[in-house]
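Before any comments, here is the structure.
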Amino acid sequence: MVKNKNYINLTVFFIITIFLSEICLIIFTTGNFDNIKNILLFSIVLGISIAFIVSLIGIKKFGYYLIYFVLILIYICFISQILLFRSFGFFYPPETVFNMAGDVIGSYSGSIINSILSGFIPIIILLIPICFFSAFKKRLNVGYEKKKILWIIIFIAGLVLHFLTTVTMDEGKNGEISDKDYYTSSFDFNEGVKRFGFLETLRLNFYYSVNGVPQQNIINLKKEQKNTKNILIEAKYHKYNLDFNLIKNNTSDKQIEKMCDYFSSVIPSKKNEYTGMFKGKNLIFICAEAFSPYSVSKERTPTLYKMMNEGFVFSDYYQPSFGESTSGGEYSLLLSQVPKKDSGEKGMSMKLSCNENLKYSMPAFFKNEGYYTNGFHNNSYTYYSRDITHPKMGMNWYGCNGCVTSDGSYFDLAEYLSIGWPRSDKEMISATVGRYIDNNPFFTYYLTVSGHNNYSFEENTAANKNKNTVKNLPYSEKVKAYLASQFELESALTELILTLSDAGILDDTVIALSNDHYPYGLSPLWQGNGGKDYISELYGKKVKTLSEREKGAFFIYCTDMKSPVKVTKPTCSFDVLPTILNLFGIEFDSRLFAGRDALSKEEGLVFFSNYSWKTDKAEYNAEDGKLTKFSQVTDEYVKEKHSEVKNRIQYSKMLRQKEFFKVLKNYNKQFF
């Protein structure tokens, strides 16, 4: 009887421990209790399961240590997720955490310390179960006994509860993303934690790491227009003459067969009046750290304002975050692919991409056209393994802390930059222009860092340097520090324009810029922000949804343009590469990208990590299932968009995993 009573006590204890930990996670991260029912049910199931396993394998003395071990492990898992979310706005699976640890700890140890200090309250709360067990362990430790029928009955009841919870999950209406999708074919660790709780998501992550994520059923609602008159129409579209049937007939891989069916069904983008407009010109492409359109003003940042309003102006542009920070932003911009991973995949999507995939990137396209291609970064050139990935994209890659170029010469950008964090964008421009300006045509990629957090005048050298530029602005000191750090980009572009002008090649050079991600250092969850919503302060409105938060900035500027071109339809980072290739008259196959040429006549589509989406006609928020209509739309239209978003995310991920460009290259000579 005592053993049975202790077992019941231990089971209830673990249920309460897990549910308390899940509640603490919600309170100190998302604050969203919409899915509390699912989280409670899974907490009960997991509490029962852990109590059963611990009791089954533990002898009396060893049982104490085993329970302590389990409680400490639970504690570490939950507190680490709270700190990660407060830093990056995402929950991360263990394989990603361990892979990121070296780079993050090495470069941002100060931020980590601030995160720990700002997370002091949850650190204390999550210790309660360990303290409680220490005080009452004699009433909770069961020890090992054979044939305990009560244990088995409770465990079976837990399994039945788990089964009922999963089979009764919402399956969605009209094709929208649902709990059932997130639990199976569209499994996403970040969304899973929000909907099912951390421990159940961790269990799913482990299961899918071993067995693979179930394949979703793809419904192709659009079909490519057939060439019924047998007229050669390829010249009118951004497409290669790919024989997908030939690949299907020579493979036994079912996934590759599905990919052939999907990509052959996608309607390619039409060439348009802007195709080849910049053919032969130089291109400088800038991925700007945490840049925001709300940091630009006509009076304070005249160069940025001019470039954002006098070239190609994308007024409804977004940079969706998929949990890979700057590397994910680069992946979407340079490859027009979705940085989406399955359980068990370690590292960033860029590093996971095979060599052939990286060759189908922005630098590679321009190198194939005979351009002199270089990339520069005013931070460590090895960060996120860029010393491996970026040269494979076909460019000489330069950065700080040591770098051997493709010709074997040594170049360390740090020797030309002032000491401090973050390093100066302006100094990077000054130190590097001379390395490519006389090699026309050239493609130059800049990955800036001056706009990086933390945003304070004491910790941020870029903010401190430009403090006087924001002293009279009506913002809090945190937002002022952010704007001051971004002013370094203004100085860099002013320097770049003057240098190109003096060299007489300004009219022959196109400058394009996009942010890498939203300024998450202004998030109310970011360490040191004390829950204050500095993003809403900067944006001048209450930021609630992903689309509001991830509003980005993108422009394409050339002084040779006679008048600005305004693009008002929704566009995003996935559209950047095909748009630029169209402008430069470079051949590509639009069906293979996750984005589309923003200058084509087809409807714009923006989609986010949680399968929310936006078009000219409607916007769908997956967090609450709300559909906002801007014009009359049918149920069939909405269903089509849900399907298209799922397809673009799913097949972009599969394209990387199955090395599909390598497959295409084996059958088509058009691939380089």
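The values are calculated or read from the model by the stated rules, or taken from the named source; none is laboratory data. Worth saying up front: this structure is predicted, and the values here are computed from it rather than measured. Quick reminder, even Gly has a Cβ in these numbers, built from the backbone with ideal geometry, and neighbours come from all protein chains shown.
Within the range 22-43, identify whether any single residue is touching a helix residue (DSSP H, G or I) at 6+ places or on another chain (Cβ under 7 Å), over 27 Å from residue 454 (Cα atoms), of a type in the set (Gly, Ala, Ser) and buried (at least 22 other Cβ atoms within 10 Å of the Cβ), and answer yes or no. Before the answer, list the steps.
Filtering the range 22-43 for residues touching a helix residue (DSSP H, G or I) at 6+ places or on another chain (Cβ under 7 Å) gives 22, 24-25, 28-30, 32-33, 35, 38-43.
If we keep only those that are over 27 Å from residue 454 (Cα atoms) too, we end up with 22, 33, 35, 38-43.
Those still in the list that are of a type in the set (Gly, Ala, Ser) too: 43.
Then drop every residue that is not buried (at least 22 other Cβ atoms within 10 Å of the Cβ), which leaves 43.
Within the range 22-43, one or more residues are touching a helix residue (DSSP H, G or I) at 6+ places or on another chain (Cβ under 7 Å), over 27 Å from residue 454 (Cα atoms), of a type in the set (Gly, Ala, Ser) and buried (at least 22 other Cβ atoms within 10 Å of the Cβ).
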*Quick one: in the range 423-465, of everything that is part of a helix (DSSP H, G or I) and hydroxyl-bearing (Ser, Thr, Tyr), which residue is nearest to residue 490 (Cα to Cα)?*
430
*Return the residue satisfying two criteria in turn: it lies in the range 562-580 and is in contact with a helix residue (DSSP H, G or I) (Cβ under 6 Å, 6 or more places away or on another chain) and among the hydrophobic types (A, V, I, L, M, F, W, C), and of such residues it is surrounded by the fewest Cβ atoms within 10 Å (Cβ to Cβ).*
577
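Can you find even one residue in the range 96-111 that is under 34 Å from the mean Cα position of the chain (by Cα) and at pLDDT 90 or above?
Our first condition is that a residue be under 34 Å from the mean Cα position of the chain (by Cα); within the range 96-111, this holds for 96-111.
With the extra rule that they be at pLDDT 90 or above, the set shrinks to none.
No.
Per-residue answers, yes or no, for (1) touching a residue at least 12 places away in the same chain (Cβ under 8 Å); (2) of a type in the set (A, V, I, L, M, F, W, C); (3) crowded, with 18+ Cβ neighbours inside 10 Å; (4) touching a strand residue (DSSP E or B) at 6+ places or on another chain (Cβ under 7 Å):
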residue: 634; (1), (2), (3), (4): no, no, no, no
residue: 652; (1), (2), (3), (4): yes, no, yes, no
residue: 656; (1), (2), (3), (4): yes, no, yes, no
residue: 659; (1), (2), (3), (4): yes, no, no, no
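Can residue 472 be described as among the polar types (S, T, N, Q), closer than 20 Å to residue 429 by Cα and either assigned by TED's automatic domain parsing to the domain that holds residue 561 or outside any helix (DSSP H, G or I) (or both)?
no
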*Show the residue pairs that are 6+ apart or on different chains and have beta-carbon atoms under 7 Å apart, the first residue being within the range 428-440 and at pLDDT 95 or above, the second being of a type in the set (Phe, Trp, Tyr) and assigned to a helix (DSSP H, G or I).*
431/416
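Residues checked against (1) of a type in the set (Gly, Ala, Ser); (2) modelled with pLDDT of 95 or more; (3) surrounded by fewer than 24 Cβ atoms within 10 Å (Cβ to Cβ); (4) at positive phi:
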{"position": "274", "(1), (2), (3), (4)": "no, yes, yes, no"}
{"position": "279", "(1), (2), (3), (4)": "no, yes, yes, no"}
{"position": "290", "(1), (2), (3), (4)": "yes, yes, no, yes"}
{"position": "302", "(1), (2), (3), (4)": "no, yes, yes, no"}
{"position": "305", "(1), (2), (3), (4)": "no, yes, yes, no"}
{"position": "310", "(1), (2), (3), (4)": "no, yes, yes, no"}
{"position": "318", "(1), (2), (3), (4)": "no, yes, no, no"}
{"position": "361", "(1), (2), (3), (4)": "yes, yes, no, no"}
_Residues that are in the same structural domain as residue 537 (by TED's automatic domain parsing), surrounded by fewer than 18 Cβ atoms within 10 Å (Cβ to Cβ), among the β-branched types (Val, Ile, Thr) and in contact with a strand residue (DSSP E or B) (Cβ under 8 Å, 6 or more places away or on another chain): does the range 408-423 have at least one?_
no
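Does residue 645 qualify as being among the β-branched types (Val, Ile, Thr) and either farther than 26 Å from residue 276 by Cβ or outside the structural domain of residue 311 (by TED's automatic domain parsing) (or both)?
Working: among the β-branched types (Val, Ile, Thr): yes; either farther than 26 Å from residue 276 by Cβ or outside the structural domain of residue 311 (by TED's automatic domain parsing) (or both): yes.
Yes; evaluated as a whole, the condition is true for this residue.
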*Yes or no: residue 249 among the polar types (S, T, N, Q), in the same structural domain as residue 605 (by TED's automatic domain parsing) and out of contact with any Cys (no Cβ under 8 Å at 6 or more places or on another chain)?*
no
*Quickly run through the range 363-401 and pick out the residues that are among the small types (Gly, Ala, Ser), assigned to a helix (DSSP H, G or I) and modelled with pLDDT under 95.*
385
*Could you please find all residues in the range 333-362 being of a type outside the set (Gly, Ala, Ser) and not in a helix (DSSP H, G or I)?*
337, 338, 339, 340, 341, 342, 345, 346, 348, 354, 360
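Would you please name the residue that is modelled with the lowest pLDDT, looking only at residues in the range 596-635 that are touching a Leu at 6+ places or on another chain (Cβ under 7 Å) and under 20 Å from residue 188 (Cβ atoms)? First the steps, then the outcome.
Just the residues of the range 596-635 that are touching a Leu at 6+ places or on another chain (Cβ under 7 Å), to begin with: 608, 610, 612-613, 615, 618, 620.
Filter once more, keeping what is under 20 Å from residue 188 (Cβ atoms): 608, 610, 612-613, 620.
Values: 608: 96, 610: 92, 612: 95, 613: 97, 620: 96.
Ranking the qualifying residues of the range 596-635, first place goes to 610.
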*Taking the range 15-39 as the region of interest, how many residues are closer than 24 Å to residue 51 by Cα and of a type in the set (Phe, Trp, Tyr)?*
1
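Conditions (1) among the β-branched types (Val, Ile, Thr); (2) touching a residue at least 24 places away in the same chain (Cβ under 8 Å); (3) under 18 Å from residue 204 (Cβ atoms); (4) not assigned by TED's automatic domain parsing to the domain that holds residue 86, marked per residue:
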site	(1), (2), (3), (4)
7	no, yes, no, no
10	no, yes, no, no
14	no, yes, no, no
17	yes, yes, no, no
23	yes, no, no, no
30	yes, yes, no, no
33	no, no, no, no
39	yes, yes, yes, no
46	no, yes, yes, no
_Pairs please, first residue from the range 405-425 and more than 23 Å from residue 373 (Cβ to Cβ), second anywhere and among the charged types (D, E, K, R), Cβ atoms under 8 Å, 6+ apart in sequence or on different chains._
418/427; 421/459; 422/289; 424/465; 424/488
*For the range 289-303, which residues satisfy the criterion of being part of a loop (DSSP other than H, G, I, E, B) and in contact with a Pro (Cβ under 9 Å, 6 or more places away or on another chain)?*
289, 290, 291, 292
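Any residue in the range 166-175 that is more than 30 Å from residue 634 (Cβ to Cβ), outside any loop (DSSP other than H, G, I, E, B) and at pLDDT 85 or above? Explain how you work it out, then say what you get.
Filtering the range 166-175 for residues more than 30 Å from residue 634 (Cβ to Cβ) gives 166-167.
Cutting the leftovers down to outside any loop (DSSP other than H, G, I, E, B) gives us 166-167.
If we keep only those that are at pLDDT 85 or above too, we end up with 166-167.
Among the residues of the range 166-175, at least one is more than 30 Å from residue 634 (Cβ to Cβ), outside any loop (DSSP other than H, G, I, E, B) and at pLDDT 85 or above, which makes the answer yes.
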*Output for the range 535-568, where each listed residue is out of contact with any strand residue (DSSP E or B) (no Cβ under 9 Å at 6 or more places or on another chain) and either of a type in the set (Phe, Trp, Tyr) or in contact (Cβ under 8 Å) with a residue 12 or more places away in the chain (or both)*: 535, 537, 538, 540, 549
*Can you tell me how many residues in the range 3-20 are touching a helix residue (DSSP H, G or I) at 6+ places or on another chain (Cβ under 7 Å), closer than 10 Å to residue 140 by Cα and among the aliphatic types (A, V, I, L, M)?*
1
*Go through the range 256-288 and give me each residue that's in a helix (DSSP H, G or I) and over 17 Å from residue 594 (Cβ atoms).*
256, 257, 260, 261
